[in-house]
1. Of everything in the range B:115-130 that's in contact (Cβ under 8 Å) with a residue 12 or more places away in the chain and open to solvent by 20 Å² or more (accessible area, probe 1.4 Å), which residue is farthest from the chain's Cα centre (by Cα)?
2. Mind checking which residues of the range B:140-195 are part of a loop (DSSP other than H, G, I, E, B) and either open to solvent by 60 Å² or more (accessible area, probe 1.4 Å) or closer than 20 Å to B:Trp305 by Cα (or both)?
3. Pull up the range A:129-163, narrow it to residues that are more than 16 Å from A:Leu87 (Cα to Cα) and not in a helix (DSSP H, G or I), then point me to the one that is nearest to the other protein chains (Cβ to nearest Cβ).
4. Working only within the range B:140-156, note down all residues that are under 15 Å from B:Met261 (Cα atoms) and acidic (Asp, Glu).
5. Out of everything in the range A:107-128 that is in a loop (DSSP other than H, G, I, E, B) and surrounded by fewer than 16 Cβ atoms within 10 Å (Cβ to Cβ), what residue ends up being farthest from the other protein chains (Cβ to nearest Cβ)?
6. Among the residues of the range B:98-139 satisfying the criterion of being in a loop (DSSP other than H, G, I, E, B) and aliphatic (A, V, I, L, M), which is farthest from the other protein chains (Cβ to nearest Cβ)?
7. Can you tell me how many residues within the range B:50-90 are outside any loop (DSSP other than H, G, I, E, B), more than 10 Å from every other protein chain (Cβ to nearest Cβ) and at pLDDT 50 or above?
8. I'd like the full set of residues that are more than 10 Å from chain A (Cβ to nearest Cβ) and at pLDDT 85 or above, limited to the range B:158-185.
Amino acid sequence: MMQPQQPYTGQIYQPTQTYTPTTSQPFYGNNFEDEPPLLEELGINFDHIWQKTLTVLHPLKVADGSIMNETDLAGPMVFCLAFGATLLLAGKIQFGYVYGISAIGCLGMFCLLNLMSMTGVSFGCVASVLGYCLLPMILLSSFAVIFSLQGMIGVLLTAGIIGWCSFSASKIFISALAMEGQQLLVAYPCALLYGVFALISVF
Amino acid sequence: MHPAGLAAAGTPRLRKWPSKRRVPMSQPGMADPHQLFDDTSSAHSRGYGAQRAPGNLGYPATSASPQAAFLTNPVSDMAVAYGSSLAAQGKELVDKNIDRFIPVSKLKYYFAVDTVYVGKKLGLLIFPYLHQDWEVQYQQDTPVAPRFDVNAPDLYIPAMAFITYVLVAGLALGTQDRFSPDLLGLQASSALAWLTVEVLAILLSLYLVTVNTDLTTIDLVAFLGYKYVGMIGGVLMGLLFGKIGYYLVLGWCCMSIFVFMIRTLRLKILSEAAAEGVPVRGARNQLRMYLTMAVAAAQPLLMYWLTFHLVR
């Protein structure tokens with residue numbers, strides 16, 4: 001009699017092949033309890049997200065160059081959606097513009113940083129850094145929900161927040177890519193990008 | 001659930017392949033060992049779906065719940081692996097071929113700048129009258145990087161100036177209530193078109209005059225991009241102080257860029273003798289002089305043409 005433990009599950013007209021795992025996923029074992037938690041499998045590490053957020057929020061703190069080694073897009077995705085949501089609260093349905101501008105901006109920064117730095121940089125890293133530094137812009141757009149930003153105070157606040165965002169982004173880029181003497185040069189295109197976001201928030 | 005599945009759940013399962021299922025369920029595909037054909041009567045039997053997947057592993061169908069099935073379905077594992085290998089191949093293809101269209105290493109030379117250089121160069125663009133030595137330093141046959149010599153052309157300033165010009169134009173149109181986001185795209189493409197026309201016209205005239213210069217195309221683009229700095233200054237002043245401010249600043253920047261272009265191009269287009277100030281007779285050098293003057297004179301004209309409609 002055939003071994004009862006190995007039933008014939010192949011197709012009739014094709015030879016059955018044994019599946020050998022070629023992907024790099026570790027063999028988690030047969031049991032349900034051995035499998036890792038969902039967040040770890042998806043690569044979302046809340047502690048790292050929190051650390052990176054704190055780095056952005058303290059513009060004067062020196063950034064650690066290694067924090068950007070793992071490109072995680074979950075945090076930036078959340079921040080972009082939050083930005084779109086605060087714009088929605090102010091009555092502007094402009095998710096399309098946010099998406100388009102961030103895509104073009106990330107592409108432009110990617111090209112520029114690859115040309116300017118000695119070591120290259122990956123697109124995911126650029127997108128991740130720019131997304132994290134969008135956090136102060138969310139503050140600006142939530143202000144815009146309540147007060148109008150078109151007075152002198154609004155202009156000053158907008159300028160301050162653009163400066164804050166681009167300073168943090170350039171600080172992280174400089175430390176991650178070891179570019180000396182170029183912080184203002186990196187901050188300027190970031191300021192242009194965040195300026196466009198601020199334009200959307202204000203007008 | 002057929003009885004064979006339940007019986008199989010009771011016995012220790014010898015599985016030849018790992019499973020990432022979250023819910024321990026017996027495999028409905030684990031058929032009766034005496035069954036010769038796949039049981040396609042139930043909707044869960046996805047053996048044929050697995051057959052059509054690339055690789056054709058003859059894999060049995062997995063759990064019944066749709067959400068877990070998407071994550072744990074080996075077909076999706078294969079699809080993910082296939083997709084990532086496709087992406088890697090695409091990236092390799094782009095990397096191999098990008099050098100044919102865009103000389104990346106040459107471009108890197110033009111972006112090797114630092115803040116001090118940019119500051120000095122901007123000062124030079126606005127006030128070129130006191131600068132004495134316009135010659136680019138060489139280091140063993142290659143020109144020195146812009147970081148080390150303020151006379152070397154770079155592409156950072158023209159690129160940033162171009163983008164800033166497009167945004168400032170959008171701002172100017174916005175204050176006149178003529179703004180819409182597609183106007184930004186329109187401004188950008190029209191400025192880019194004018195730049196392309198200029199580059200092609202100058203290259204054509206250099207070719208017709210049969211001048212042997214070491215003025216490369218990228219150098220030319222860099223030089224022609226410097227006028228955007230003056231344009232930005234003019235438009236910003238026009239926004240703040242009206243037409244008077246616009247004309248004053250634009251006039252000043254036009255003069256500066258004219259002098260800057262003449263002094264820079266003279267070294268590149270004219271032969272060495274004429275560049276040192278010694279007047280050399282001959283139709284050839286006169287032709288080159290006229291060409292330099294024409295290129296330099298085109299700059300203020302274009303600066304005015306591209307900005308006058310922005311300031312009312």
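The values are calculated or read from the model by the stated rules, or taken from the named source; none is laboratory data. Everything quoted here is computed from the prediction, not taken from an experiment. Positions of Cβ are backbone-derived with ideal geometry, glycine not excepted, and every protein chain shown enters the neighbour counts. Keep in mind that these areas ignore ligands, DNA and RNA; they rest on the heavy atoms of the full protein, side chains included. Shrake-Rupley method; radii C 1.70, N 1.55, O 1.52, S 1.80 Å.
1. Restricting attention to the range B:115-130, the residues satisfying the condition of being in contact (Cβ under 8 Å) with a residue 12 or more places away in the chain are B:117-118, B:120-122, B:124-129.
Now narrow it down to the ones that are open to solvent by 20 Å² or more (accessible area, probe 1.4 Å): B:120, B:122, B:126-127, B:129.
Working: B:Lys120: 25, B:Leu122: 23, B:Ile126: 27, B:Phe127: 30, B:Tyr129: 34 Å.
The qualifying residue farthest from the chain's Cα centre (by Cα) is B:Tyr129.
2. Applying the first criterion (part of a loop (DSSP other than H, G, I, E, B)) to the range B:140-195 yields B:140-141, B:144-155, B:176-180.
Hits for the range B:140-195 are B:Gln140, B:Asp141, B:Arg147, B:Phe148, B:Gln176, B:Asp177, B:Arg178, B:Phe179.
3. Per the stated criteria, the residue is A:Gly151.
4. Step one: list which residues in the range B:140-156 are under 15 Å from B:Met261 (Cα atoms), which gives B:150-154.
The answer is B:Asp154, and nothing else.
5. In the first step, residues of the range A:107-128 are kept if they are in a loop (DSSP other than H, G, I, E, B); the result is A:117-122.
Filter once more, keeping what is surrounded by fewer than 16 Cβ atoms within 10 Å (Cβ to Cβ): A:118-120, A:122.
Details: A:Met118: 9, A:Thr119: 12, A:Gly120: 10, A:Ser122: 10 Å.
Out of the qualifying residues, it is A:Thr119.
6. From the range B:98-139, those in a loop (DSSP other than H, G, I, E, B) are B:102-103, B:111-114, B:127-137; that's our starting set.
In the following step, the residues that additionally are aliphatic (A, V, I, L, M) were identified as B:102, B:112-113, B:130, B:136.
Values: B:Ile102: 10, B:Ala112: 8, B:Val113: 7, B:Leu130: 24, B:Val136: 20 Å.
Filtering the range B:98-139 for residues that are in a loop (DSSP other than H, G, I, E, B) and aliphatic (A, V, I, L, M), the one farthest from the other protein chains (Cβ to nearest Cβ) comes out as B:Leu130.
7. Of all residues in the range B:50-90, those outside any loop (DSSP other than H, G, I, E, B) come to B:50-52, B:66-72, B:74-90.
When the remaining residues are screened for being more than 10 Å from every other protein chain (Cβ to nearest Cβ), the result is B:52, B:66-70, B:72, B:75-76, B:79, B:82-83, B:85-90.
Among the residues that remain, those that are also at pLDDT 50 or above are: B:66-70, B:72, B:75-76, B:79, B:82-83, B:85-90.
Going through the range B:50-90 one residue at a time, the tally reaches 17.
8. Of everything in the range B:158-185, those that are more than 10 Å from chain A (Cβ to nearest Cβ) and at pLDDT 85 or above turn out to be B:Pro158, B:Ala161, B:Phe162, B:Tyr165, B:Val168, B:Ala169, B:Ala172.
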